[in-house]
Amino acid sequence: MNHPVEPGIAIARAAQAFADYATNTAARIDVNAEAARQQNGARVGISRAHESAYLHVAGEATYVDDIPELNGTLHCALGLSPVATGRLTALSLDAIRQMPDVVTVITAADIPGVNDCGSIIHDDPILCDGEIRYVGQPLFAVIAKTRAAARRAAAQAKAAAVIEASGDPVLTPREAHARGQYVLPPMHLDRSTNGGAREAIDAAPRRLKGTLDVGGQEQFYLEGQISYAIPKEGGAVHVHCSTQHPSEMQHLVAHALGIQSHAVHVECRRMGGGFGGKESQSALFACVASVAACKLQRPVKLRLDRDDDFMITGRRHCFWYEYEVGYDEEGRILGAEITMVSRAGHSADLSGPVMTRALCHFDNAYWLPDVSMHGFCGKTNTQSNTAFRGFGGPQGAIAMENIMESIATELGCDALDVRRANFYGTTEHNVTPYEQKVTDNVIHELVGELEQTSDYRARRAAIAAFNAASPVLKRGMSLTPLKFGISFNVAHFNQAGALVHVYSDGSILVNHGGTEMGQGLNTKVAQVVAHELGVSFDSVRVTATDTTKVANTSATAASTGADLNGKAAQDAARQIRERLAECAARRHGGDAAGVRFANGQVTVNGKSLEFAQLVREAYVDRVQLWSDGFYATPGLHWDGAKMKGHPFFYFAYGAAVSEVVVDTLTGEWKLLRADVLHDVGRSLNPAVDVGQVEGAFIQGMGWLTTEELVWHPQSGKLMTHAPSTYKIPTANDCPPVFNVRLFVGENPEDSIHKSKAVGEPPLLLPFSVFFAIRDAVSAAGEHGASPQLRAPATSEAILNAIEAVQAAAA
Ligand code: MTE
Ligand code: LUZ
Ligand code: MOS
């Protein structure tokens, strides 16, 4: 690995930590096979360290706030609404304007273009336009010489804002639903095989009804939202923005400024995490910074404090469900009806597509012959909720997994047997509610393998024996499967572009439309290009995402980053390789089709020359040494009104077994062991993929256990707006036994090198932790009643559920 500076002690330590991690990972990946592959010239299917790993651990990776500030840079802070509903009748800003180092204050009236930063529907004001929608809504922006001065002044919002408060805030999805208050029209997805859901439920031998509450989740990216806008000549602006969606930032900034997109240049080298939170919601900050920069003709930086980030931006939607299913004595679901209500917040943002994905993942890995689903996006006086890893998929599937566990309790059998009885078939029982056929089903083999390797049945028996002898501590276990559809559920977003430059020294620069947020996208794209041109990893460099290089890009989201941009970069690299091959054949004889590129060498007509040598020859021969590339996912279509079609290119699969111990007197618990088998097709980079699986597992575990969001019931203020009150997992929450393996297989579709997307699907794996806790709660009531366990399963929620099952048993 090349490193630009002399490794210091911190780097040496970090390198050791990485080496330990790699050794650990190596136990789970086939290092010998990888070495042989690389020997043969392959650059994909190889566990490379993240392209910035050494920069990350040395603190040298440049995030937006690390860019050296230009002379005259000003700092911005936002004044936030202290109330949840009402009208902003006036802003008396004179006192704020007179505060030390304050340069100016900007309000909605200063936005020269449109005061809107909504991603799909234009219902999202940048700065308050009169209507107050939630506590934390930005009312005005202070621009000052220092960040501290701007923050001090913005903190005077309560004194400056003249507000006519009105009405009580609507905070929960159930309240919004009761009032019929939604950000979008309701959605319905029905499928009828035997007469429809109602008839199938009524005719079923057994029935079950229930409700479930699942909380939201803060993205908690390490780098908060930030934009640094620099005015350019002729009314243009250059915005350094921590965003998953540079093109959307470009368009929204152009609208806010009332200028054309060609005058807005958005750049993002990397994010310190996005997790969906920077797909749409980086826009408000990009717009405010740009408006201020253009008005003052000075560079303006807007970097949020963590508390403000919590107060202003949205997060994962919490969901409330009401369901009824009809099933048979084997636990097979014959009919199901479900209503899902999400907390959308004050505006639509991405709530529509999130609900669509939730409805399209209620089936998870199971065939539902007759089903009727209803989705409502409740409008509430809270931050506008948005994308978060899984994008509604986890919220859809967890409702079904809860039903599986309840059926198992009712029948008094193992939940794995109920799940298996419902799995999608391979040749029959393989049509989803939205009518896409499941043609790549590997869930039977995958779960069978995990059942064996995790020693599921023997441990089940051991847990039952333990519980029989242990009145206070109860163990629980659960195996949960997942199936996750890959593609944006908005078909036209599934496209990508790339630009590859080969310089005359043989080094290669790649630009593509995807953004790096730590997931290893640039590493994978560099591997694809190195593979295509048969060169070493070190000769390929990936640059910042930049709207002046690749236009009209999609968000790096829906786990499609490597699928889309990998294919686009491959397309560009292939064109250059073909031109080089023709040049080689012209100069050295033989057939262009027979020219081989591998290990930095080019073999032509029995001769071998260095790649850089051929590049120099091609340059002299005036061969174009750069190329664009493009990719659009084939075969997708979606009818949003009927909610039918073929929204996904393929499905990713996985399963996990978790075992917990719960203290039934305190509600404390511990994850003792987790076994994961996850399908990434033919992995582009097994180390990166294992990292994604582990990270998603722990992140999803946090969502379902300790991360609780509380809004004050009267004022509507988010009370959990910092790590002091909002508990994310730490390294200590990782289980002592954590067996993560990648399922051996390949994507039957023509995806990039037969790989599968990995970013979001493994977030569903820690359902197994939640249901293991539920299983332990159930044991506290001698498995006599289905526990009513809400998510997150905090100690309080666990104790509530234990009390209820024990009361039912008494
Ligand atoms: N991994 C890291 N380290 N940081 C992130 O912000 N975001 C996740 C996932 N993994 C994220 C991450 C989300 S929400 C998505 S959609 C995918 O990465 C996006 O990247 P990809 O499509 O390139 O996999
Ligand atoms: N659909 C989807 C989307 O499945 N995932 C996304 O992240 C997304 N973003 C915007 C619109 N549709
Ligand atoms: Mo990921 S939620 O699709 O950014």
Report the net charge of residues surrounding Ala780, where surrounding means a beta-carbon distance below 14 angstrom and charges are Lys +1, Arg +1, Asp -1, Glu -1.
-2
At 222 nm, what helix-only mean residue ellipticity would the chain give, in deg cm²/dmol to the nearest 500, using -39500 (n - 2.57) for each DSSP H run of four or more?
-9500 deg cm²/dmol
Keeping all protein chains in the complex and leaving out DNA, RNA and ligands, what accessible area do you get for Val291 with a 1.4 Å probe, in Å² to the nearest 10?
10
Rounded to the nearest 5, what % of the DSSP beta bridges within segment 472-566 are antiparallel ones?
60
Under a 1.4 Å probe, what is the accessible area of the chain per residue, stated in Å²?
36
Net charge of neighbours whose Cβ lies under 14 Å from the Cβ of Met517, counting Lys and Arg as +1 and Asp and Glu as -1:
0
Residues of segment 715-753 with amide nitrogen under 20 Å from the 7 Å Cα-to-Cβ point of Ser795?
720-736
Restricting to the chain, compute how many DSSP beta bridges are antiparallel as a %, nearest 5.
80
For Lys567, which lysines qualify as cross-link partners when the Cα separation must be under 20 Å and same-chain residues fewer than eight apart are set aside?
Lys524, Lys549, Lys754, Lys756
Backbone HN-Hα couplings from phi across segment 411-419 [Karplus 6.51/-1.76/1.60, Hz, Gly and Pro as x]:
7, x, 10, 6, 4, 4, 5, 5, 4
Value of D in µm² per second that Stokes-Einstein yields for segment 257-315, Kirkwood Rh from Cα pairs, at 10 °C (1.306 mPa s):
122
Can you list which of the chymotrypsin sites (Phe, Trp or Tyr not before Pro) found in segment 672-713 are DSSP loop residues with at most 15 other C-beta atoms within 10 Å?
none
Report the net charge of residues surrounding Tyr650, where surrounding means a beta-carbon distance below 15 angstrom and charges are Lys +1, Arg +1, Asp -1, Glu -1.
-1
Modelled FRET efficiency - R0 35 Å, Cys734 with Glu578, Cβ distances, 0.05 increments:
0.15
Considering the dipole of the chain built from charges on the beta carbon (Lys and Arg +1, Asp and Glu -1) around the Cα centre, which of Ala397, Asn605, Leu684 is farthest to its positive end?
Asn605
Need the list of lysines near Lys717 for cross-linking: C-alpha distance under 21 angstrom, and skip anything on the same chain fewer than eight residues off.
Lys158, Lys379, Lys727
Which ³J(HN,Hα) values in Hz, rounded to whole numbers, follow from the phi angles of segment 46-61 under the Karplus curve 6.51 cos²θ - 1.76 cosθ + 1.60, where θ = phi - 60° and Gly and Pro get x?
10, 7, 8, 5, 3, 4, 10, 3, 5, 5, 4, 6, 8, x, 9, 5
Among 572-585, 509-522, what's the highest-first ranking by average C-beta atoms within 10 angstrom per residue?
509-522, 572-585
Taking only the alpha-carbon positions of segment 472-575 as identical scatterers, the Debye log10 I(q)/I(0) at q = 0.12 Å⁻¹ comes out as -0.45
Mean shadow of segment 377-438, computed from the convex hull of its alpha carbons, in nm²?
6.6
Whole-Hz ³J(HN,Hα) from phi, Karplus 6.51 cos²θ - 1.76 cosθ + 1.60, for segment 446-460, glycine and proline x:
4, 5, x, 5, 5, 4, 5, 5, 8, 6, 4, 5, 5, 5, 4
Please report how far the C-alpha centroid of segment 488-519 lies from that of segment 467-481, rounded to the nearest whole angstrom.
48
What percentages, rounded to whole numbers, describe P(r) for the chain computed over all alpha carbon pairs with 20 Å bin width beginning at zero?
16, 47, 32, 6, 0
Using a 1.4 Å probe over the heavy atoms of the protein chains, calculate the carbon and sulfur portion of the accessible area of segment 381-471 as a whole percent.
52
What is the Cα centroid distance between segment 683-748 and segment 638-672, reported in whole angstrom?
12
By how many nm would the segment from Val710 to Ala33 grow when fully extended, if each residue of separation counts as 0.36 nm and the alpha-carbon distance is taken off?
238.8 nm
For Leu304, list long-range residues whose amide hydrogen, built 1.01 Å from N in the peptide plane, is under 5 Å from its own amide hydrogen.
Gln225
Can you find, among Phe649, Ile106, Ile201, the residue sitting farthest towards the positive end of the charge dipole of the chain, where Lys and Arg contribute +1 and Asp and Glu -1 at Cβ?
Ile106
Non-local amide H neighbours of Ala598 (under 5 Å, H modeled in plane, Pro and chain starts lacking H): which ones?
Thr603
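The values are calculated or read from the model by the stated rules, or taken from the named source; none is laboratory data. A quick note: this is a predicted structure, and the numbers were derived from the prediction, not measured. Every residue, glycine as well, gets a Cβ built from its backbone with ideal geometry; the counts of neighbours run over all protein chains shown. Note: areas computed on protein heavy atoms with side chains; ligands, DNA, RNA excluded. Shrake-Rupley method; radii C 1.70, N 1.55, O 1.52, S 1.80 Å.
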